[in-house]
Amino acid sequence: MHLPPSEKFNRSIIIFVTVCTAKRRKVLASPNAHVAVLSAWNSAARWLVGRYVMMPDHIHFFCAPNEFEGPSLERWMRYWKSRVTRKLSEPSGSFWQRDHWDRQLRRGESYDGKWEYVRSNPVRHGFVSAEKDWPYQGILNELRW
């Protein structure tokens, strides 16, 4: 179950999301997939993506609503995932796992701590020796508390 983001005292909302490919297929760590995901996120601007890391079979990213009464996180996720699927000429319904994992962050330290963990994933998995060398990561928008 995915709870809607909760706004408290007019504070920023930042959500940490992990989404996986269907059957954990290792198809995301490529220039084409990277461009397709970034393009989809940019076209789906009702939510803003902050920092992200694309691994071969999953993506970790931070996002925040860009509108007061925007679409739900689930609806936004379905939208950009379908755009990526079409861009990569994949059969509909077979590229992504149906669901995703999300957690609303509580404070700035949580964002920084999660980011440190996420950005070290390529090193922990042995893809690169230094975090800065992984080409499928970045930041699209500065998400602030």
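Describe numerically, in nm with one decimal, the distance between label points set 7 Å from Cα along Cα→Cβ at Ser39 and at Glu74.
Result for the modelled spin labels: 2.9 nm.
Viscosity 1.567 mPa s, temperature 4 °C: what is the translational diffusion coefficient of the chain from Stokes-Einstein with a Kirkwood Rh over Cα pairs, rounded to a whole number of µm²/s? Don't jump to the answer; show the numbers that get you there.
Values: Rh = 15.6 Å.
My calculation gives 83 µm²/s for D.
Just to be sure I follow the rule: in the chain, considering lysines 8 or more places apart or on different chains, how many pairs have Cα atoms under 24 Å apart?
So the count works out to 9.
Using Cβ contacts closer than 10 Å as the measure, can you line up Val49, Val19 from fewest to most? Before the final figure, lay out each step's value.
Values: Val49 25, Val19 19.
Ascending number of Cβ neighbours within 10 Å: Val19, Val49.
At a 10 Å Cβ-Cβ cut-off, how would you order Ile13, Ile139, Ile59, fewest neighbours first? Don't skip to the end; give the middle numbers.
Working: Ile13 17, Ile139 13, Ile59 25.
By the 10 Å Cβ count, ascending: Ile139, Ile13, Ile59.
No value in this document is a laboratory result; all are computed from the given coordinates. Bear in mind the structure is a predicted one, so any value in this text is a computation, not a measurement. Ideal geometry is used to build each Cβ from the backbone, glycine not excepted, and the neighbour counts take in all protein chains shown.
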